[in-house]
Every structure is written in structure tokens, then in C-alpha cells.
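Report on the following structure.
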């Protein structure tokens, strides 16, 4: 009876668990399933585990906004006991989540983002210099090495205030520990945590490397103490901004001891949780998107030419405000995010027994509601000729950027808090790359992806050819 629960409600579903997702890229597996079963279908795990795939944009919006109180949890699996469980990304949408969101959000205001453009531009200058030898030699090289270094250096500086220079120092502990957590096929340990959570708890398993998460915790605790001791110094990195926000909060519930600078309203572990997720997400997802932008510009040189012409036509410096206003640049970025959203799967988990909107479908407590931006972004009703790269979808009055079917940063009240930071970094990086170099077209360029990984990360190197732009040579 358990494995007929969805079918008895008229919902299509497989007759039992499926582990095909660990043998191929996650987005490919679910895209094939959606073609078989439609936009709404059921999943079964082990006894006690059920999931419902919902790839209807209107329903996703309702679940993410009006019905969020019914689905406040992100994950049904075992996410471990490290500080990562205190991050906004993993927390249940309750009063604690609201409290921390209130503390974190001011770090991403326009003024704070403008201040972060200075370290970003400095790191971009180094990125461009490192590519010079490849532009001069005319030899193919792995561009992912450099995009990874770029996004690592930016996030290390903006999250922790640490200067890394990843190309010159590839064995820096920050790089080593980040790579141990990210960029790999799904592991047996993670499968157990996500699919058999009761066994993971029994075996005291962690889905992410313990040593590496402890490294980020210790790093954060050290930075917090430094910021607390450094009076009258304004911070520009995320950890420092969160510390300052708690010290500046003069509310009754967050009264500051004038004789001792200490955290109020947020714990060290909670700050560490925000720091590690912001670092890992900012590093990997931004790198993934930058790689995919390069991929599409190589495949579609006509858009590379349009982008170069747009950038060259600017009379004013390419700063935070001017980059936001460039239609071709933003169209290329948005269309890349549509075709290759960095996070392929988003979950919401029922807190108690409920019914899915007005469908009559019964949702037991702890059932995961899963939607896939990768699939929603390919619904022909919203995106005709969905597999084609068409940045014009996001240019002009009819731009799809505000569409309910455009979800690269999530949806509703749990929209990614670092969205504007990521957009800021991507605009600046793409602009500098295309102004200095031409990516040589290669119709045979192909990408491969990690198996079972929720992040749509190219698995192998991305071999490209560069040539310096003649305007810069002359």
C-alpha cells in the first residue's frame, strides 16, 4: 500500500524507489522523468519517505509565498550537526530564520554592494593579467582553472576579508577545504544522509566533510573575535558586516553592553553557518555560471560581438550602476541562468499533514515538495524553442526576468539573499573578459557534469582559445 500512495490519489509515480539519479547528472535524470510523468508526479524512497515533484510555475509561486508556512523546511534528509544547519539556506522558515535574515540582509544593500566592487575589480585585474599569456600564445587552455580562482578570490575577500590569490597559491587551506566539500560526484555518505536519514543519524554521518566544515568554523570564530576587538573600524566583508549589524542593533531584545563588545541576537555558530554557505555558494555557483556564459559565448559568437560592441560604446566607467543598465550583458547572463541554473533542485518539506493548494492531493508531514528550475525554464508555454540560446528573451519591455517561470535564485520569501552580489560579480567578470579577449568559436565544445550533484557544475576542464581584442592591441 505504501508504494501506491500517490497512484491512489490519481498522481503518476514510479512503483518504488529509483536510484537512477546517482548514475547520471541529476538534471538529466529528472528531465527524463518529467518527460515520462509530466509536471507533477510522485517519488518514493524507503519506508516513511515520499516526495512530490511540482514543476508548475504558478503552484511553485503559491507554495513559496502564501503556503510557505505549511512547507517551512527545506530538506527532509539528514543535514548533519555542523554549523551549516544554522544557515539561512538550510534553516526552517520560522522566527529564528526571520531573525537571522534581518541581520544578514543589510550586508547586501546597494551601498554595501558598491563598496564590494573595489576588491572585485582588483581581483578581476589579476584575472585578466593571468590570461594574457594564453591570449598571446594562441594555445588551448582550461579556462575553468581561472574562473575557479577568480570566484574563490572574490568570495574569500568579500565573505572573510582574506586575500588568497588562488592561481599563485593553489594549496591555500581555504581552497583545499572548499574543494573537499564541493565539486564531486555524490558520495555514498551523502546518499545515506539524503535517502536514509534515520540510518545516517544512527551512524552519526555528516553529508559534508567534518574536517573542512570545522576549518571554516574556526576561521569564522577567529574573524569574529578580531572584529569585536577592532573598535571604530568599518568592515566590508560579510562576517564583519554581520558583527557590526548586531552591535548597532539597539532594540530592547538586542541591548548592547557598552563595556564589552559582544554579539547580541546571533550566535557565533549562526554567523559561521551564514559564512560557510555564502562562501561555498558564492564560490561554486558563480563559477558554474561564469563557465556556462563562456560556453554559450563560444557557441554563439554573434552574441559575443554584440556584447563587445555594447561594452565599447560606453562613455562612462563600467561601475556598479552602469553594468546593471546594459541590456545585452544582462540578457546574456539571464539566458545562461535560464538554460543552466546552478542549483537544479529546490525542496520544501511539509511541517504537518496538509493538502497541496486546491488540487486535493494529500501531503503527509515530512513529505518533500521538489521543483526543478532546470525543467521549469524549459516549459515551451513560457519559453518557445526552449533549448535555444536566445538572450533577447530578457531584453526590452517583454523581458522574462520577472516571470514566475524564471527561478535561478529560488522563489518567494526564500529567494537567495546573495542574488544581487552574484549578479554584480558576474556582470563585472564578463565585461572585463569580453573587453580584453575574444573567445574563439568552437562548435565541438561539449560539457560533462557530476553524477547526482545538485549543483550543475561542469565536471572536466573547459578547453578554450583566446585572442586579444585588436582595440586593446592598438
- Query: How do 6, 97 line up, fewest other C-beta atoms within 10 Å first?
  - Reply: 97, 6
- Expressed in whole Å with the largest first, what are the equivalent ellipsoid semi-axes of segment 2-473 derived from the C-alpha gyration tensor as the square root of 5 times each eigenvalue? 34, 30, 21
- If we count other beta carbons within 10 Å of each Cβ, what is the order of 15, 113, fewest first? 15, 113
- Whole-Å distance, taken between Cα centres, linking segment 114-146 and segment 68-95: 37
- Message: I'd like to compare 274-287, 412-425, 325-338: which one has the highest average count of other Cβ atoms within 10 Å, and what's the full order after that?
- Response: 274-287, 325-338, 412-425
- Note on the structure: Least to most buried among 345, 355, by other C-beta atoms within 10 Å and fewest first, runs 355, 345
- Note on the structure: Summing -39500 (n - 2.57) over every DSSP H run of at least 4 in the chain, dividing by its residue total and rounding to the nearest 500, the 222 nm mean residue ellipticity is -14000 deg cm²/dmol
- Rank-order 156-165, 103-112 by packing density, defined as the average count of other C-beta atoms within 10 Å over each peptide's residues, highest first. 156-165, 103-112
- Message: So for each of 374-383, 387-396 I average, over its residues, the number of other beta carbons within 10 Å; can you give me the resulting order with the highest mean first?
- Response: 374-383, 387-396
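Just so you know, all these numbers are worked out from the coordinates, no wet-lab data involved. Here the structure is a predicted model, which is why all the values come from computation and not from measurement. Heads up, the Cβs are rebuilt from the backbone with ideal geometry, glycines too, and the neighbour counts pull from every protein chain shown.
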